[in-house]
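What follows is a set of notes on a single structure, which appears directly below.
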2 protein chains.
Amino acid sequence: MAEPVSEERIQHEFAPQAEVEVAARAMESFARSHGSQGHRVVLITSGGTKVPLESRTVRFLDNFSSGRRGAASAEYFLKAEYAVIFLHRHRSMYPYSRRYTAVNWLDALHLLPAPAEHSRPGHAPAELSTAGSTHAQPAFRVEADPSHLQGIVQVLQDYHSMKDSGMLLPVEFNTLSDYLHLLLAAAKALSPLGSNAMFYLAAAVSDFYIPASEMPEHKIQSSSGPLQITMKMVPKMLSPLVKDWAPKAFVVSFKLETDTSILLERAHKALATYRHQAVVANVLDTLRSSVVIVTNTAETKLTVSKEEDSLGVEIEEKIISDLTSRHTNFIEGQFNELNSTTQAI
Amino acid sequence: MAEPVSEERIQHEFAPQAEVEVAARAMESFARSHGSQGHRVVLITSGGTKVPLESRTVRFLDNFSSGRRGAASAEYFLKAEYAVIFLHRHRSMYPYSRRYTAVNWLDALHLLPAPAEHSRPGHAPAELSTAGSTHAQPAFRVEADPSHLQGIVQVLQDYHSMKDSGMLLPVEFNTLSDYLHLLLAAAKALSPLGSNAMFYLAAAVSDFYIPASEMPEHKIQSSSGPLQITMKMVPKMLSPLVKDWAPKAFVVSFKLETDTSILLERAHKALATYRHQAVVANVLDTLRSSVVIVTNTAETKLTVSKEEDSLGVEIEEKIISDLTSRHTNFIEGQFNELNSTTQAI
């Protein structure tokens, strides 16, 4: 097993590319504001991490992850009235817009002549001429054809009302180092919320990396023959997160395997090692139709049938419904424990 | 150096995930149709290749490449009236829409009440109600706010006129194996066009891979300790492409380095080895402002000044302008050579 990690080790061994300080301040103020309003706050991590093989990076190791699960989960946490910090890989899927990842938006947009007098209260004027033209041109408006964009009306209503509510804070990472620094910063930001904070660690984080000191500066030359790579193990962040950084929070990790036979054993092993609250266990081939929520006392299987799938039911809705009730019980449990301790004194 | 590759070796060692046969037929018919109209046809490869480390892939090696250069180049080749086969990495940048990669389209779209009587000739009706509602709701149309989408009118005009013209055939790859198979298929499709075909090989193709026979089936377990990876060298496709697959075509390869001092030497070495027509040499830090076109007889430096950049001038415009004139000379050269050979007989 990889050794646990101290804050010092993260600072020294992993040089981030992202602007960690700016994001750290944003997360802190977001958590403080929502905490003071009594909101629960969840940190969702989403997408894969990039592990450079060269310091001026041409090549990198990556993890399979579109970020679909994290992006979908964010929507259901928002529906359950959680404030959400969405810590996601640059260009991975994003809440709401995830539904149109396979769409070329230019196919859905059309130019229409803008009617001369057609006022749109509360909306910026959308008339404009062809760029670069010097003489008068017919003005256009740009309209989306909804037949290319399934469910767009509902999605736009949800998206804009979410934006107005201020309940979502997006933060981006790209490399493994960025991720480690931002997770530490998020833990510090959420720790003051105690059991009202949840960590939902869905990102596919690399288990291996090359320390900066052992990395070649320049692009590895293929003329030097076959490539030998030796990678160190990435420190496990879950251990200090649960023990030191946010000890009262409700922490959920993910376990993805390709081999079904070892999945549950590995999930239980993670719980025993890190002593957090739940593992969402899943297998690569059935990611979207089946997961098991593993806790110390139970294994709860959640599935989406073909019929449900055809009706648009997503497994993330069931995962978030399960975890938010567990979170409620967890908060009440800590409250009762606190009360009985107080009474005993 | 890696050994050259035979078609048999590609068939045996690299199992594609893409539907190569379907794409091969589409490329063949595209090339035949445009060839018969006397069009020049360019194959552009674009984006990085994914090299799996496990056969049920969780982890993979990747190459830095957004696909920006390939996508931008496609637009300028289309402007120069080339028919374009755009062989690109899944979800890498795409011609025209590339300008909005950093935009969340949902921010640019707004719901507006659809006026009751407002006919739009030649356009599908855009009115619709909120999804799932059972009683009458106000109908909406979806309009894009052009202030979020710089230059959208010109881009939509170019995009839709390109689509109507049938001059672009997009083909996707994801893994290195897909890429190798599709490049072979493209070469076969373009070979009958002789010197009217150009290969513009801008994709960042991995130099290393793990043969399927040496790959673990399941996700590599991090509990087994540090990771040792040994990768074989990917066979160089340029050699059989130039010699056997499309021997009369105009072939352009790319050389990306991080170390300026070895760039030109490596470009000349590639020309001497593969005996193709040109290398576009560039350095990672200055990709978008400077390249050198290296041929057997000349080094031509192309640059975009800061002033040009602020006016929207892109280096791909200069690269394509340079290469298309070289292509014209190349075609005329082959024609003259043919003529003088005929006269000599």
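Quick look at the numbers
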| read-out | value |
| --- | --- |
| Inverse mean reciprocal Cα-Cα distance (Kirkwood Rh) of the range A:190-232, Å | 14.6 Å |
| Shape category assigned to the protein assembly as shown from the gyration tensor of Cα positions, a/c cut at 1.5 | oblate |
| Accessible area (Å², 1.4 Å probe, nearest 10) - B:His181 | 10 Å² |
| Size of the B/A contact, given as accessible area buried on both chains, probe 1.4 Å, in Å² | 7400 Å² |
| Summed residue charge, Cβ within 12 Å of A:Ile220's Cβ, Lys/Arg positive, Asp/Glu negative | -2 |
| Within the accessible area of the range B:238-292 (1.4 Å probe), percent carbon and sulfur | 50 percent |
| At least 20 Å² of accessible area lost relative to the chain alone, listed for the range B:88-112 with a 1.4 Å probe | B:Arg91, B:Ser97, B:Thr101, B:Asn104, B:Trp105, B:Leu106, B:Asp107, B:Leu109, B:His110, B:Leu111, B:Leu112 |
| 5 angstrom amide H check on B:Val251, placed H, neighbours 5+ away | B:Phe199, B:Gln277, B:Ala278 |
| Nearest 10 degrees, 0 to 90: helix A:176-190 Cα axis against chain A principal axis | 80 degrees |
| Residue-wise HN-Hα coupling along the range B:209-220, computed from phi with Karplus coefficients 6.51, -1.76, 1.60 (Hz; x: Gly, Pro) | 7, 10, x, 3, 5, 9, 8, x, 6, 9, 3, 5 |
| 22 Å Cα-Cα reach of B:Lys301 towards lysines, excluding residues that sit fewer than 8 places from it in its own chain | B:Lys255, B:Lys269, B:Lys318 |
| Accessible surface, the range B:27-123, averaged per residue in Å² (probe 1.4 Å) | 36 Å² |
| Gyration tensor verdict on the range A:186-345 (Cα atoms; rounded if a/c is under 1.5, prolate if a/b is larger than b/c, oblate otherwise) | oblate |
| Square roots of 5 times each gyration tensor eigenvalue, C-alpha, the range A:37-90, largest first, Å | 31, 12, 6 |
| Cα gyration tensor shape of the range A:237-290, rounded if a/c is under 1.5, else prolate or oblate by comparing a/b with b/c | prolate |
| Helix axis angle, A:315-344 relative to chain A longest principal axis, alpha carbon, degrees | 50 degrees |
| Amide H within-cut-off set for A:Ser289, under 5 Å, with H built and near neighbours excluded | none |
| Interatomic Cα distance distribution for the range B:16-125, bins of 10 angstrom, percent | 11, 27, 28, 22, 11, 2 |
| Teacher prompt: A:Val103 distances to equivalent labels in other copies, 7 Å Cα→Cβ, nm | 1.4 |
| Average beta-carbon neighbours from other chains, 10 Å sphere, peptide B:199-208 | 2 |
| Residue-wise HN-Hα coupling along the range A:58-74, computed from phi with Karplus coefficients 6.51, -1.76, 1.60 (Hz; x: Gly, Pro) | 9, 10, 8, 8, 9, 10, 4, 5, 7, x, 4, 4, x, 5, 5, 4, 4 |
| Peptide A:49-59 - average C-beta neighbours from other chains (10 Å radius) | 4 |
| Degrees separating the helix A:263-274 axis from the principal Cα axis of chain A, which is the longest one | 70 degrees |
| With all protein chains modelled, accessible area of A:Asp259 [1.4 Å, Å²] | 40 Å² |
| Chain A: most fluctuating residue of A:Ala114, A:Ala187, A:Ala144 per GNM, C-alpha cutoff 10 Å | A:Ala114 |
| Nonlocal amide H pairs with A:Val5, under 5 Å, H built at 1.01 Å | A:Lys236 |
| Ratio of the Cα radius of gyration of chain B to 2.2 N^0.38 Å, where N counts its residues | 1.15 |
| A:Thr57 accessible area, 1.4 Å probe, all protein chains in place, Å² to nearest 10 | 20 Å² |
| Residue-averaged beta-carbon neighbours from other chains (10 angstrom radius) around B:60-69 | 4 |
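The values are calculated or read from the model by the stated rules, or taken from the named source; none is laboratory data. Keep in mind the model is a prediction, meaning the values are calculated, not measured. Neighbour counts are summed over all protein chains in view; Cβ atoms, including those assigned to glycine, are modelled from backbone coordinates with ideal geometry. Just so you know, the surface numbers come from the protein's heavy atoms only, side chains and all, with ligands and any DNA or RNA stripped out. Shrake-Rupley method; radii C 1.70, N 1.55, O 1.52, S 1.80 Å.
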